[in-house]
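See structure below.
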Amino acid sequence: MVIDDGQESGNANAASGKAGETWYCASCGIAEVDDIKLTACDANCLLVRYCSDKCQRDHRPFLHEAVCKKRVAELRDRDDLLFAQPESTHNGNCPICFLPLAIDGNSRAKRIAEENMSILSASCTSNICRIDANMLKRVEANDPVALQVMGLECYDKGDYGSAFEYLTKTVEVGDADAHYHLSIMYLKGEGVEKDAQKEVYHLEEAAIGGNLQLDTTLDNPCAYSGLSTDSGKAGEIDINMSTCCASCRIAEAEVDDIKFTTCDANCKLVRYCSIACQRDHRPLHEAMCKKRAAELCDRDDLLFAQPESSHLGDCPICFLPLALDASKCVMMTCCSKLICNGCCYASKIREPSKSLCPFCRHSVPATDAEIDANVMKREEANDLVALRKAGVRRYVKGDYGSAFDYLSKAAGLGDAEAQSHLSVMYLKGRGVEKDEKEAVHYMEEAAIGGHPTSRYNLGVYEWNNGSRERAMKHFIIAAKLGDDDSVGKLKQGYKEGSVSKEDFAAALRAHQAVVDAMKSPQRQKAAELAKMEPLHEKRW
């Protein structure tokens with residue numbers, strides 16, 4: 001959202017004090033950075049933030065007070081509705097015996113009569129729902145229960161688009177179950193873009209309607225007890241998984257004397273308060289557990305495979321591995337090629353009177369205007385290096401929103417450097433909401449692509465989380481790519497006994513071998529001359 005220093009106070013978006021994912025003082029417009037912390041409006045309207053009491057005092061009476069009072073009233077009305085005690089659950093009473101229907105999905109028999117679509121207790125009917133002519137008639141009549149059943153049927157078949165349409169029609173008539181299922185779809189991004197705000201909204205609407213479901217969602221009995229299983233990122237664990245028993249649903253905080261344990265198969269999806277709970281829950285969890293364990297195994301095989309080279313690859317002229325030090329190579333704006341300083345030196349010695357790109361033989365740009373023209377051409381051609389460089393330039397200038405767009409394009413094309421930058425943006429919350437899971441995901445993608453720094457960061461992340469063995473694996477891989485910092489971590493791990501003598505020695509030999517492979521007489525000479533004059537006046 002773009003704000004114009006509070007001038008449009010009647011507009012909640014304009015008054016929000018937030019641009020993209022960065023907060024700004026609603027009065028003076030200063031951005032929230034590491035050394036400046038903004039505070040929310042005293043009335044807790046959640047619309048604006050200020051850098052000081054003076055800014056709040058100057059801004060509130062004249063530009064913000066009216067919209068603030070309106071917003072606070074809206075929030076109060078919403079909370080009154082949200083925390084009101086429902087007269088009954090969303091299931092209501094059985095229309096035959098008039099007793100409240102049970103809320104336990106495992107103990108009750110939820111049956112939908114083929115003719116009238118009423119939910120009946122198990123003792124009142126034995127009819128089982130079928131998608132037949134009667135059901136289709138009810139769908140055509142916009143019966144909310146029939147629409148919901150059709151939505152779940154489409155969901156089971158993987159047709160998330162149709163499922164979303166049916167469930168959306170159902171929520172229009174206030175069906176709490178449909179609200180709940182939509183919240184799951186927004187959570188997982190199935191049929192719609194992931195949206196945390198809409199997920200919470202539909203959860204609240206379901207709760208207002210009396211929905212008490214926790215673990216009987218769609219086709220996944222554990223979907224809300226722990227675990228974003230369809231996120232595509234191995235190892236993700238939802239916060240609910242770590243705090244609730246997947247079987248009896250008791251919260252870990254409620255039982256200080258009970259230590260929760262993970263699933264024996266190490267699927268990282270659920271936790272249990274006792275062996276009995278794990279034994280009782282296993283039949284519901286087994287299929288998903290096996291699938292998830294296989295995904296994690298495949299992901300780890302990919303993650304811990306040693307890349308053939310770093311993400312920089314080889315110099316396209318001498319075919320020697322490029323050094324990890326960015327000052328030892330030149331990015332040419334004409335062709336987006338990364339050329340080692342040794343080849344630039346050889347080209348300059350061979351043709352001292354000309355200033356040509358060693359690779360494509362175009363003239364090296366002499367002015368900033370020529371550089372900008374070259375860069376624009378590469379960006380228009382969707383060159384991934386140009387897109388990444390454009391993102392980095394905007395990031396340095398503080399334009400995090402545009403930087404995120406450019407880096408996302410480059411990352412989508414498989415650029416490991418762009419993926420590494422995105423991991424930092426997610427970690428620091430610049431241009432996007434802070435998201436540790438996304439940060440780790442992009443770190444992993446960059447590491448798989450041979451990025452030593454991301455590999456090192458993953459090692460530090462695993463080390464801080466107590467996974468010493470995984471951390472050492474990351475440091476070994478990074479060391480074999482030539483990363484000096486990882487060698488230091490391996491030395492520390494060897495002293496502590498976290499890495500064996502054989503693995504440590506092998507990593508040191510591989511590290512030295514790759515460092516030696518990056519050397520050549522031309523590169524050595526170029527390093528000596530670089531202290532006196534640059535090889536090219538213009539670098540990208």
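The values are calculated or read from the model by the stated rules, or taken from the named source; none is laboratory data. Given the structure is predicted, the values throughout are model-derived calculations rather than measurements. In this analysis, Cβ positions are derived from the backbone assuming ideal geometry, glycine residues included, and neighbour counts consider all displayed protein chains. The accessibility values were calculated without ligands, DNA or RNA, using every heavy atom of the protein model including side chains. Shrake-Rupley method; radii C 1.70, N 1.55, O 1.52, S 1.80 Å.
Yes/no matrix, rows are residues, columns are (1) more than 34 Å from the chain's Cα centre (by Cα); (2) at pLDDT 70 or above:
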position	(1), (2)
T22	no, no
V33	no, no
C45	no, yes
K54	yes, yes
A66	yes, yes
E74	no, yes
L81	no, no
Q85	yes, yes
L99	yes, yes
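What about S420, is it modelled with pLDDT of 90 or more and polar (S, T, N, Q)?
yes
Considered as a group, the residues in region 445-469 that are in contact (Cβ under 8 Å) with a residue 60 or more places away in the chain and open to solvent by 20 Å² or more (accessible area, probe 1.4 Å) include one that is farthest from F304 (Cα to Cα), and that residue is G449.
Starting from residues that are among the aliphatic types (A, V, I, L, M) and touching a residue at least 40 places away in the same chain (Cβ under 8 Å), keep the ones in region 344-383 and report whichever is farthest from M332 (Cα to Cα). Working first, answer last.
Kept after step one, since they are among the aliphatic types (A, V, I, L, M), are these residues of region 344-383: 346, 349, 356, 364, 366, 369, 371, 373, 375-376, 381.
Imposing the further condition that a residue be touching a residue at least 40 places away in the same chain (Cβ under 8 Å) reduces the set to 346, 364, 366, 371, 375.
Details: A346: 16, V364: 8, A366: 12, I371: 10, V375: 10 Å.
Restricting to residues being among the aliphatic types (A, V, I, L, M) and touching a residue at least 40 places away in the same chain (Cβ under 8 Å), the top hit is A346.
Across region 299-326, which residue is least open to solvent (accessible area, probe 1.4 Å) among those that are outside any loop (DSSP other than H, G, I, E, B) and touching a residue at least 40 places away in the same chain (Cβ under 8 Å)? That would be L303. The condition (being part of a helix (DSSP H, G or I) and more than 24 Å from K473 (Cβ to Cβ)) is satisfied by just one residue among K259, K290: K290.
Return a yes/no flag: does region 345-366 have any residue that is in contact with a strand residue (DSSP E or B) (Cβ under 9 Å, 6 or more places away or on another chain), crowded, with 21+ Cβ neighbours inside 10 Å and part of a helix (DSSP H, G or I). Yes, there is a match, as at least one residue in region 345-366 is in contact with a strand residue (DSSP E or B) (Cβ under 9 Å, 6 or more places away or on another chain), crowded, with 21+ Cβ neighbours inside 10 Å and part of a helix (DSSP H, G or I).
Residue check: Y400 meets all listed conditions (1) farther than 19 Å from G412 by Cα; (2) at pLDDT 90 or above but one, namely (1).
In region 407-439, which residue that is under 17 Å from A390 (Cβ atoms) and of a type in the set (D, E, K, R) is most open to solvent (accessible area, probe 1.4 Å)? Checked region 407-439; the qualifying residue most open to solvent (accessible area, probe 1.4 Å) is K409.
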